[in-house]
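Written out below as C-alpha cells is the structure these notes cover.
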Amino acid sequence: LYFQWAYCTSKEVAEAAGDSLSALQLPAFTPVADSLLAFLGQHPGARFFIDLRYNPGGSPLDGYALAERIAAIPDINQKGKLYIGINGYSGAAPMLIAQAFRRQTNAIIIGEPPAENPGHDGQKDFLKLPNSGLQVFYPQVLLPVPAGSKGPFMPDVVVPMAFEAFKNGRDPVLDYLRAH
C-alpha cells in the first residue's frame, strides 16, 4: 500500500490550533487513516509505504497519531512491512513524523537524508546574495538538539535519487521496495 503524504495539514490540525475557518476548508485526516488501516487489515500480507518525500511541512500531529495507531497493530508494525520515505525535500514536520515512527514502530526509514539539521523547527527565512542573486535559507528559530544526536536524521536505508534514474522516469526507492 502506497500513501503519498504531500503536505501535513488537516481539519483536525486546524481545529487543534483553534482555526475554525481553515478547518472548514481542509479535509479530515482520520477517515484517511481509518481507510488505510482497514485496507491493511483486509490484506494481512501487504507492506505499507508512507512517502514523506517532497513533503514541505505543516504540522506533525496527524503523523504522531498515525504512528501511535500503527504501533498498536502487530500485523503492520513489523520490520519489512512498514516503510517511511524521506529525502532532502522533506520538511520539518515530515522529519518529526519519521522520528516518531522510528521511536514507536518497527518502520524502516528509507531514502535520502533531509536537508534540515536537528534543532531546526522548520520556520525559515532567506537572504539574497548580492553578487550571484542566489537565495540562502536559514532557520529563524533553533530548538535544543536532543542529547545523543550525532548530526542529521539519517534513513536506515540510504537510497539516493541518481540523475540517470530521474531522467529515465525511475524511482530508486520504489525499485528497492519492489526488490525486497
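The values are calculated or read from the model by the stated rules, or taken from the named source; none is laboratory data. Predicted model, so just to flag it, every value in this text is computed and none were measured. Don't worry about glycine lacking a Cβ; one is built from the backbone with ideal geometry, like all the others, and counts go over all protein chains shown. Ligands, DNA and RNA are stripped out before the accessible areas are found, and what is left, the full protein with its side chains, is counted by its heavy atoms. Shrake-Rupley method; radii C 1.70, N 1.55, O 1.52, S 1.80 Å.
So the values come out like this:
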{"item": "Once exposed loop trypsin sites (Lys or Arg not before Pro) are cut out (DSSP; at most 15 other Cβ, 10 Å), longest piece of the chain", "result": "1-78"}
{"item": "Of the chymotrypsin sites (Phe, Trp or Tyr not before Pro) in region 1-41, those whose Cβ has at most 15 other Cβ within 10 Å and which sit in DSSP loop", "result": "TYR7"}
{"item": "Estimated [θ] at 222 nm from DSSP helical runs (n ≥ 4, -39500 (n - 2.57)) normalised by residues in the chain, nearest 500", "result": "-9500 deg cm²/dmol"}
{"item": "Extension gain (nm, one decimal) between LEU174 and GLN78, 0.36 nm per residue minus Cα-Cα", "result": "32.7 nm"}
{"item": "Residues LYS167 and VAL136, FRET efficiency given R0 of 30 Å [Cβ-Cβ distance, rounded to 0.05]", "result": "0.60"}
{"item": "Of (1) 21.5, 81; (2) 17.4, 59; (3) 15.3, 41, the label for Rg and Dmax of the Cα atoms in Å derived from the coordinates", "result": "(2)"}
{"item": "Relative contact order computed over region 1-136 (Cα-Cα under 8 Å; 6+ residues apart), in percent", "result": "23"}
{"item": "For peptides 82-93, 12-23, sequence by mean Cβ density within 10 Å, most packed first", "result": "82-93, 12-23"}
{"item": "Separation of the LEU21 and ALA46 label points, Cα + 7 Å toward Cβ, nm", "result": "3.8"}
{"item": "For region 48-115: rounded, prolate or oblate by the Cα gyration tensor [a/c cutoff 1.5]", "result": "oblate"}
{"item": "Rounded accessible area per residue of the chain, 1.4 Å, Å²", "result": "57"}
